[in-house]
Each structure stands twice: as C-alpha cells, then as structure tokens.
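Here is the structure we will look at.
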Number of protein chains: 4
Amino acid sequence: MNEPRKTPAARLSRREALLFEAGIKLGGVFHQYLGMPVSPRTATVLARAVEAAVGLQPFVRSVRVRVDPGRGGPLGRGRFAYRYLTAEMLEVTVELVDGPVAVEARLTHRGDLRFPLMSVVRVGPPKGPRRRRRSR
Amino acid sequence: MNEPRKTPAARLSRREALLFEAGIKLGGVFHQYLGMPVSPRTATVLARAVEAAVGLQPFVRSVRVRVDPGRGGPLGRGRFAYRYLTAEMLEVTVELVDGPVAVEARLTHRGDLRFPLMSVVRVGPPKGPRRRRRSR
Amino acid sequence: MNEPRKTPAARLSRREALLFEAGIKLGGVFHQYLGMPVSPRTATVLARAVEAAVGLQPFVRSVRVRVDPGRGGPLGRGRFAYRYLTAEMLEVTVELVDGPVAVEARLTHRGDLRFPLMSVVRVGPPKGPRRRRRSR
Amino acid sequence: MNEPRKTPAARLSRREALLFEAGIKLGGVFHQYLGMPVSPRTATVLARAVEAAVGLQPFVRSVRVRVDPGRGGPLGRGRFAYRYLTAEMLEVTVELVDGPVAVEARLTHRGDLRFPLMSVVRVGPPKGPRRRRRSR
C-alpha cells in the first residue's frame, strides 16, 4: 500500500493481513442484512445480492451465500406469512486471495452453540488457477 | 384482522392504515441497506433484491428501487475503488393497495435539504387493473 | 412545508401525515438495530441510545424502548455467552405530535403470530401538557 | 475450544486468530450502525452504546468509539436539522487480547481515500496490567 497514512500500521504478513480482511467480510455480512424480509421465493435473489456486495471488497476471490428461510421455524398466517432474515438462515463462505496466499472463512449458525460462528476453515495456496479479478 | 390482540389498537380507516404501512416500508428500507458495498456493476442486483424484500411486506402491490452509485462522489483508487450504499444513491417508490385504496410513497434524497425525504406522493384508487397478489 | 418540491405530494391531514411518520419510525427501528450484540448488562444503554436516535426524528414527542435479552432463549456457554438483538427482544412505543393531534404507535413481538407487529395504538389529542420540543 | 465442530477449522496461532477476530469487530460496527439518527446532543450516548455492544464480543479488552456528527457537512433546516450516521463520522479503536497477545485495530474515515479504512495499528503484548474480563 502506497497510500499516505495518518494512522500507524502494524507490520503484518500477507497471511495475517488476509485473516484480518476475512474477519471484516464476515462481521460485515452478519451485521448488515439481518432483518431483511425474505421468503423461499426471494432467498436466491437476496443471496446473489449479498454475494455481489461482498465480491466488491478487497481481496475477495469468491463468495458463496446460502439463505435458507426454512430454518426460521414455522411461518405465521395470512399477511404475516413471510419472514425476515435471522442468523439461523445465513451461511457464508468467502475466499480471499493475496498473491500466493488464500484464506477461506465461513459464517454458519451453530445450533449447539446457539451462535452464529465465524471461523477460518483454510489457510494455504489459492484453489485452482488464478482467476482474473472481476472488473468493477 | 381476526388475530387476538394483546396491544390496544386505534380504529383506522383503510386509507389511514395504508399510510402507516407505507411509512413502515420506507423507514425500513432506509435503515436496512445503508453501508452495503455497491458499484455500477452490482447496483441492479442490489436494487432487485431490495424490491423482492419490500414486495413481501403486507399490502405492497409494486415497488421500484433505483440505486445510483454515481451519486456517491468520485471514486477512490485501486482496491478502494468501490462504494458502499449511501442515502444519496437510493430512490424507492412503493405502492400499497388495500381494496379500493392505494397509497404511493417515495424515498428520495433531496440535495437542497441535505436529507433523505420520505413522502406520500399519491392517495387514491389503485392504478391499472388489480393484479393478483404475488404468491409467496 | 414550504420547501421546494421535486416530487409531487399528496394532500394529507395532520392525522394522516402523522400516521405515515409513525410508520417510518417503527420501520426504521426494526431494520436498524437487529444484530447488535446485547446482554442484560448492556440492554439499558442500548435502549437509551435507540430512544435518543428516534427522539431526533420529526414529530416525535416521546419514545420508550425496552430491550429484553432474556427473550432470546437460553444462552450459549463461555465466550458465546452473549446475544445479539433479535426481534423478540424489542419493544418500542413512540408518540408523535403535530399541533392538536397525537399518534401513538408500537412495535412488539407477537409470539402467537411469530411476528414483530407494528400497530397504531392511539390517535387523538396529545397526552398531558405540551412539552417543549427538545432543543438539538 | 472444546465445542464439537461441524466445519473444518484452520490451525491458527493466537496472533492470527486475534487478527481475524479484530476484523469481525470492525466490519460489524461499520455495517450495523450507519443510518442511525444522530446529533451533537446524542453522539455520546450512541458512542457508549456501540462500545457496550462491541465490549461483549469475544476477546475484546477495550473499545473506544467516537461519533462526530459535525463531519457530516452543513445541517438542513427546521425539522430536517439532524443527521443520520455516516461513515465520515465514525472512528473506532478496539483492543483484543488473548493471553500474552494483543491486537489493536482501528476504523477511521480517510478523506484522501474517500474510504472508511480498517487497519491493524498494533500487534504485541497487552497494554498495562491484565484487567479482569468484565462479567456479563
């Protein structure tokens, strides 16, 4: 990074910096979308929109979002027969790449912990051939 | 509504109840999506996802969302060359219908007021033939 | 309103305009705060912050927010022993006043409907003596 | 962690795991609060509520939030004379500690980059004596 800096910066390896960036992505997804109205019919367009948004962020090579409204428990009736996005419905896997280093991280709801767990599932070389960074 | 009620309810006309509901939709949109990463390439999928979400809510007959990332000012460079959704970029028009009454309301950013203005643009009969409520 | 208008505006009575505004407030609260980390120890400061925010909005005379983390089900263990705000925990009552007209509206989670219900609980004259609008 | 795992987990050092966790906190703050109504009068209670929320999250030893509504440009007039939280107004510094390792990270808006920059400002031993984890 050649930008002028007003804040001090710790020296991090690529691997370390990617881990920080991976956390930013998952923390952001969790706190951005909860509460969105969602139904089985709209779950896919919502998942694609979240993927498109995360895909814009620095170092993101790929992102896969799954929204499963069925995990929200039984539906209400009549005009209340839709849901809003809750943590239980959301699963996100993101791969970040910087040169030879890749970090894959995941947000998934753990019923046993009653918690949306964010974890790093893999650190290592990028999977498959280097794809061109999508133009924006 | 035949649901049991734990809270008292004011008696409202259909027109009045729709005005309340229209406010819910616009207030919700404004407070749900600000901060989402967005670019000219992803603006459309984001707008469609917001439309799908709002379209699930009670009484909504139609909704049109426009996201214009260009209103966010000049872009940064390099890996900062994308934006996150700000109020300036967002324009939403929603039509709610209950029987013979329609309310059309709009969220638009008013540069002269430096404010995201939500207003009711029309109250009257529904436009065009009654469409079937989309199944969910 | 004497502001220049780029969008058309429906003619609404004060009562009608307040109903629209009441919807904006409740819709906004619901979609802004879900996902915030919260515990019994922090529930009060969170509720006060939401009240302060809503209290800034046009026409709001008073607002009362209750956050009850206990409605979120049993806690996880160890470092997962906190919760994030869900719709079940949130109850908001807001009173809007414009001259002689007051609207009181409420967001509360209805277990029987499995739904966060927003409703107008009262329309009529303001309660008690007119308080001075808080200066900002 | 002795919890059963359904997802694979990469082996990370404490330092690495803290960097991931630090990203989660900053990404979450950025995407949770944008859009909240705020004024100079309410900036402090908002900042305290964000601090209380972040302080609940795993590994957080301290957090300092500054909300400066003045960075939002000139105010509107009359009932539009308040603002909603934008990225420009927000500065967050968080320290995470796990045993002998501390990570300090910061979110600050960089006018020159037109970007809310999240960065790691320090990795090393914790500052000062180990405080007891606040009970919840």
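The values are calculated or read from the model by the stated rules, or taken from the named source; none is laboratory data. Small disclaimer: the values here were computed from a predicted structure and weren't measured. Reconstructed Cβ throughout: ideal geometry from the backbone, glycine too, with neighbour counts over all protein chains shown. Accessible surface areas use protein heavy atoms only, side chains included; no ligands, DNA or RNA. Shrake-Rupley method; radii C 1.70, N 1.55, O 1.52, S 1.80 Å.
Data overview
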| quantity | calculated |
| --- | --- |
| Residue-wise HN-Hα coupling along the stretch B:110-117, computed from phi with Karplus coefficients 6.51, -1.76, 1.60 (Hz; x: Gly, Pro) | 9, x, 5, 9, 6, 8, x, 8 |
| In sequence order, calculated HN-Hα J values of the stretch B:82-98 (Karplus, 6.51, -1.76, 1.60; Hz; x Gly/Pro) | 8, 10, 10, 4, 10, 4, 4, 7, 9, 9, 10, 10, 10, 10, 10, 9, 9 |
| Across the identical copies, how the C:GLY99 labels are spaced - nm, sorted shortest first, 7 Å along Cα→Cβ | 2.9, 7.0, 7.0 |
| Chain D, accessible surface, carbon-and-sulfur percent (1.4 angstrom probe) | 52 |
| Under-5 Å amide H pairs with D:TYR82, H placed in peptide plane, nonlocal only | D:GLY76 |
| Pairs from C:LYS25/D:LYS25; C:LYS25/C:LYS127; D:LYS25/D:LYS127 whose Cα-Cα separation, in the structure shown, is over 23 Å | C:LYS25/D:LYS25 |
| Compactness relative to 2.2 N^0.38 Å, alpha carbon Rg of chain B | 1.21 |
| Using alpha-carbon coordinates, inclination of helix C:14-33 to the longest axis of chain C, degrees | 20 |
| Positions from the stretch B:43-63 whose accessible area shrinks by 30 Å² or more when the full protein complex is built, not the chain alone, probe 1.4 Å | B:VAL45, B:ALA49, B:ALA52, B:ALA53, B:LEU56, B:GLN57, B:PRO58 |
| Solvent-accessible area buried by C and B, counting both chains, probe 1.4 angstrom, square angstrom | 3000 |
| Other copies of A:ASP68: label-to-label distances in nm, shortest first, labels 7 Å along the beta-carbon direction | 3.1, 4.2, 4.6 |
| Nearest 10 degrees, 0 to 90: helix B:43-55 Cα axis against chain B principal axis | 20 |
| Nearest beta-carbon to the A/B symmetry axis - residue in chain A, distance in Å | A:ALA49, 2 |
| Cβ charges +1 (Lys, Arg) and -1 (Asp, Glu), total dipole of chain C, debye | 400 |
| Kirkwood hydrodynamic radius of the protein assembly as shown, from inverse mean 1/r over distinct Cα pairs, in Å | 23.9 |
| For C:MET36, residues with placed amide H under 5 Å, excluding near neighbours | C:LEU85 |
| Per residue solvent-accessible surface (Å²) - the protein assembly as shown, probe of 1.4 Å | 41 |
